[in-house]
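Have a look at the structure below before the remarks.
Since every read-out is calculated from the coordinates, none of them should be taken as a lab result. Since we're looking at a predicted model, the values are computed, not measured. Note that we place each Cβ from the backbone using ideal geometry, even for glycine, and neighbour counts take in every protein chain shown.
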Amino acid sequence: MNITGLIDEAVDSISKLDSSRRSFVNSISQTIKRPVEADGKSILEKSLVSPVKPAELKETIAGVDSGFVGKDLLALDLVLIRCVGVVFSYNQGKLGSASYFPSFYSFPQPSLTNRPLEADEFQTSKSLQRLLQEVGMARRMIEENSPDYCFLDGSIVPQYADKPRSDSNILDFYRKLIDEFQLLYKAAEEKGCELVACVEDSRGSRFRTILQERILGQNLNSSTLDNCYDTILLDYLLVKGERSMAFSYSGEDAKKPHPILSDFDSAWSKSIHAFYLRPCEFDRPLRVEFLHRGGNISEHVDRIAGITYALSCLHREYAYPSVLIEADLHARLKPDEISLVYEKIMDKLGKNIRIKMRRDYRPF
């Protein structure tokens, strides 16, 4: 198949898939709008879709993000990490002041690892080191600044790719990260800070699974939705100013425990929940994760959704909290920043010590 044929086939396949999904969602729209019976397990609310009113911001809201770049050398691995915290203080819906931690501009923190790491371990190690700094920064900001809300960029728990294999040299990094996440949860609870995580490009499918298995059941052939991410499905279901029902982060399948949540204390793992929110018309719904330890979950979600909506609706084509956009702008790193550090190391070592990878000095 030539490239033109490949492009045409891809366009045709995507168009047909979009059409079939849209048609199926239209066919179940009345089912979706009807109240459902909450079971306290998979279905936590009576409405699968609820309206959201943006809050008039008057809170102090923190956001944390980080950027990192790495370079693997023959004798060691070099990683630069810049972690930035931002605190926005609002009054009557307007931004009153902004503070930056550790400062408006900070040089990235270098990290050297001289352990013998495999290629996959090096990639995981970079991610773990970044998360350790990011979660630690969030905890310090909560303890020292007592914001009403603290937003995290990415999930509220580590991801599958962050968990090393059982014989890995960096397993201790991972265990330390789990402990750090739980310390963050505890700090947020003790300080009365609402911890919220937003996932920019989620590949979750928990809502879709609940819809297929618990709502539609055997009455409708929902195979059209197989292998459909939540954000794709909810792009058809939600309009601007609506959210999905809240749901637990993972199901309670004792035979197949969640590989990450099983490493947490059960009190915390059971408190992790999520929902989807559509803050703007021309972007997909945003996945929002939070901690819920008891009480009326619908009221809890409505509060979080109202704040997140107000922060995320500033651009009609990009739905993301402004405090995290600001943190990202200050945290992101460019490849030339690590090149500067790398070249300084090479200059001081001289030509007699070979630590470059062969692919970095090929003569042709």
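The residues I81, I7, I297, when put in order of fewest to most other Cβ atoms within 10 Å, stand as I7, I297, I81. Spin-label model, D201/E118: points 7 Å from Cα along the beta carbon direction are separated by 2.6 nm. The HN-Hα couplings worked out from phi for segment 30-39 by the Karplus form 6.51 cos²θ - 1.76 cosθ + 1.60 (θ = phi - 60°) are 5, 4, 5, 7, 6, x, 10, 8, 5, 10 Hz, whole numbers, x standing for Gly and Pro. Cross-link check: pairs K240/K334; K46/K240; K58/K186 evaluated at a Cα-Cα cut-off of 26 Å; pairs beyond the cut-off: K240/K334. Cβ crowding within 10 Å, taken as a proxy for footprinting-reagent exposure, orders D172, D235, D347 from fewest neighbours to most as D347, D172, D235. Helix-only arithmetic for the chain: the sum of -39500 (n - 2.57) across DSSP H runs with n ≥ 4, divided by the residue total, places the mean residue ellipticity at 222 nm at -12000 deg cm²/dmol. Bridging of K126 to aspartates and glutamates at a Cα separation below 12 Å is possible for D72, D77, D162, once same-chain residues fewer than 8 apart are set aside. Footprinting exposure proxy ranking of R140, R316, R208, fewest other C-beta atoms within 10 angstrom first, gives R316, R140, R208.
The simple Förster model, with R0 at 30 Å and r as the Cβ-Cβ distance, assigns E37 and A267 a FRET efficiency of 0.65. Annotation: amide H-H contacts under 5 Å for E242 (H modelled 1.01 Å from N, sequence separation of 5 or more, or interchain): V52, R278.
Remark on V69: its backbone amide H falls under 5 Å from those of L80, a criterion applied only to residues 5 or more positions apart or on other chains, H modelled at 1.01 Å from N.
With a Förster radius of 41 Å applied to the beta-carbon distance between Y105 and K240, the computed FRET efficiency rounds to 0.70. Note on T4 and R332: their simple-model spin labels are 3.7 nm apart, each label 7 Å out from Cα toward Cβ.
Below 14 Å, Cα to Cα, which aspartates and glutamates can K16 reach? Residues fewer than 8 away in the same chain don't count. Straight-distance partners of K16: D8. Overall shape of the chain was characterised from the C-alpha gyration tensor. The equivalent ellipsoid obtained from it has semi-axes of 37, 27, 21 Å, in decreasing order. Residue separation of K176 and S47 scaled by 0.36 nm, minus their Cα-Cα distance, works out to 42.6 nm of gained length. Projecting label points 7 angstrom from Cα along Cα→Cβ for S146 and D347 puts them 4.8 nm apart.
For Y249, the amide hydrogen comes within under 5 Å of the amide hydrogens of I272, H273, A274, counting only partners 5 or more places away or on other chains and with H modelled in the peptide plane.
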